[in-house]
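One structure is given here, and the rest of the page talks about it.
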Amino acid sequence: MGTPFDVSHPTSAERFWELVSAAGFRGDMFHYGWADLPERLEVVRQLLLLQFGMPVLALGGVGMVAMAVRRWPACLLLGSVFLLNVALALTYRAPVVADYLVPAYLMFAVFFGYGVYVLLEAGERGVSAISRG
């Protein structure tokens, strides 16, 4: 179609460099700045509520706090990946932000799973204490 960023035909060294450096996306990364941050954070908040709902988000928060106490290096790694991905998605100029949040959703799923684990573990301790008592 003759687009300036035609990935199928890098016919020169310059065009090849544009392809491998993703120069065609120049201006899309970090498009939104600090002034746009409140509005963009609201978009992420709404997306998380729509994707997961408040009970699941709360359980993910429980998992994150428990992981921060019990396994802080893992929490630091997962939380950093989550925040970095959200920050990049917030500043990227794209019509559908939710697509770029999938890696953050995966990190959240680990926190959620750990929250479920912690609650089940607490329930088992409670049941065994009651049965011994």
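Some notes on this structure:
- Rounded, prolate or oblate (a/c below 1.5 giving rounded, otherwise prolate when a/b exceeds b/c) for the stretch 80-128 by Cα gyration tensor: prolate
- Of every Cα-Cα pair in the chain, the percent that sits beyond 23 Å: 53 percent
- Over the chain, relative contact order from alpha-carbon pairs under 8 Å, at least 6 apart, %: 30 percent
- The residues of the stretch 25-133 present an accessible area of 67 Å² per residue when probed at 1.4 Å with all protein chains retained.
- Site-free segments of the chain were taken between chymotrypsin sites (Phe, Trp or Tyr not before Pro) in DSSP loops having at most 12 other Cβ atoms within 10 Å, sites themselves excluded; the longest one is 31-133.
- Modelled this way, with points 7 Å down the Cα-to-C-beta line, the labels at ARG93 and THR11 are 2.7 nm from one another.
- Net lengthening on full extension, SER80/LEU106 (0.36 nm per residue, minus Cα-Cα): 8.1 nm
- The angle between the Cα long axis of helix 102-132 and the main principal axis of the chain comes to about 10°, on a 0 to 90 degree scale.
- Note on the chain: with neighbouring protein chains present and a 1.4 Å probe, carbon and sulfur make up 70 percent of its accessible heavy-atom surface.
The values are calculated or read from the model by the stated rules, or taken from the named source; none is laboratory data. Everything numeric here is computed off the predicted structure, so don't read it as measured data. Don't worry about glycine lacking a Cβ; one is built from the backbone with ideal geometry, like all the others, and counts go over all protein chains shown. Please note that ligands, DNA and RNA were not included when accessible areas were found on the heavy atoms of the full protein model with its side chains. Shrake-Rupley method; radii C 1.70, N 1.55, O 1.52, S 1.80 Å.
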